[in-house]
Amino acid sequence: MNPLVRLSIFGATALAASSAMAGVTFFENENYAGRQITADRALQNFPSVGFNDRARSAVVEGDSWQVCMDVNFNGGCTVLAPGRYPSLGEWSGRISSTRPVGTPTAAAPADSAAGGAVTFFGNRNFGGRQFTINQPLPNLAGTRANDRAESAIVEGGPWEVCADAEFRGDCQVFAPGRYPTLGALDGKVSSARPYHDRRGERDAMRRRATATLYSEVNLTGRAFLLGREGDANLQGQFNDRASSLHVDSGYWIFCSDAGFRGECRTFGPGDYAQLPPELENRISSGRRISNEYPYGQGQYRR
């Protein structure tokens with residue numbers, strides 16, 4: 001018997017057998033009826049086993065499996081998570097190759113299991129080469145996934161995915177699920193890590209900070225915390241990203257250019273739901289300049 005694939009005539013027999021092993025069983029008809037084929041490892045050529053474009057229902061045990069319309073995992077592809085599929089919908093009668101994607105959380109070490117894992121794919125709709133991680137990876141440079149991922153499967157817990165190394169640049173949080181496209185992050189992913197609610201961490205940092213920049217209006221979006229010393233150059237950190245601002249204490253000057261140059265304005269304690277037009281998405285440096293109001297009248301002054 002071919003160790004790669006087991007063929008059976010009776011639907012009920014293979015359905016019972018499939019539950020005893022990790023693998024995928026495809027059925028020729030909907031609702032697990034007709035001739036069937038069970039695979040416990042990659043099968044890149046359905047024509048070779050006489051089952052090309054015949055699968056119309058499936059049972060997936062253990063790992064998730066990628067199925068593709070063409071042989072050698074080409075053509076349109078999608079991923080079937082563990083479960084029963086009485087109908088394969090748009091994939092019915094169109095599958096020509098399959099391979100396990102894996103459920104990395106099962107083998108993940110104890111300290112990373114809570115964060116689950118993320119599998120990136122080189123093409124949209126879970127096609128192309130894939131790359132799985134189950135722990136924080138601050139720099140994908142040198143891996144086959146850097147600036148290449150266009151779709152992903154997230155398992156176990158949410159993941160933060162960022163366009164730049166060290167979890168910087170545009171970042172998005174992806175809840176567990178299948179993402180046939182990464183939207184604005186398509187072909188741009190350079191770092192990823194399990195996401196946890198960092199409000200406690202941000203609150204602790206905020207107690208040490210005196211100003212917080214936000215990427216969106218109304219103090220929403222990504223937050224960037226500045227300590228008392230400020231920062232003369234936000235390049236590579238939060239440059240030209242701020243749309244709103246909170247000042248905890250003291251008076252701060254923020255400028256459109258590095259080194260506290262260009263258009264500069266002063267902000268006192270309080271919330272600024274939207275920055276003035278000359279600084280919105282243009283702040284490149286900022287620092288605390290005084291504990292008390294430093295001017296005769298008004299704010300937003302150089």
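The values are calculated or read from the model by the stated rules, or taken from the named source; none is laboratory data. This is a predicted model, so every value here is computed, not measured. Neighbour counts are summed over all protein chains in view; Cβ atoms, including those assigned to glycine, are modelled from backbone coordinates with ideal geometry.
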Pairs under 7 Å by beta carbon, first residue at positive phi in segment 121-145, partner in a loop (DSSP other than H, G, I, E, B), six or more apart or different chains?
N125/P180; F126/P180
Residues located in segment 215-227, provided they are surrounded by fewer than 20 Cβ atoms within 10 Å (Cβ to Cβ) and touching a Gly at 6+ places or on another chain (Cβ under 8 Å)
S215
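Residue by residue, here is whether (1) surrounded by 19 or more Cβ atoms within 10 Å (Cβ to Cβ); (2) touching a residue at least 60 places away in the same chain (Cβ under 8 Å); (3) assigned to a loop (DSSP other than H, G, I, E, B); (4) assigned by TED's automatic domain parsing to the domain that holds F224 holds:
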{"residue": "Q237", "(1), (2), (3), (4)": "no, yes, yes, yes"}
{"residue": "D240", "(1), (2), (3), (4)": "no, no, yes, yes"}
{"residue": "F254", "(1), (2), (3), (4)": "yes, no, no, yes"}
{"residue": "C264", "(1), (2), (3), (4)": "yes, no, no, yes"}
{"residue": "L275", "(1), (2), (3), (4)": "yes, no, yes, yes"}
{"residue": "E278", "(1), (2), (3), (4)": "no, no, yes, yes"}
{"residue": "N281", "(1), (2), (3), (4)": "no, no, yes, yes"}
Of a type in the set (F, W, Y), farther than 14 Å from V217 by Cα and modelled with pLDDT under 90 - does that describe any residue in segment 242-252?
yes
Exactly one of I133, I153 is under 17 Å from C68 (Cα atoms) and assigned by TED's automatic domain parsing to the domain that holds G183, and that residue is I153
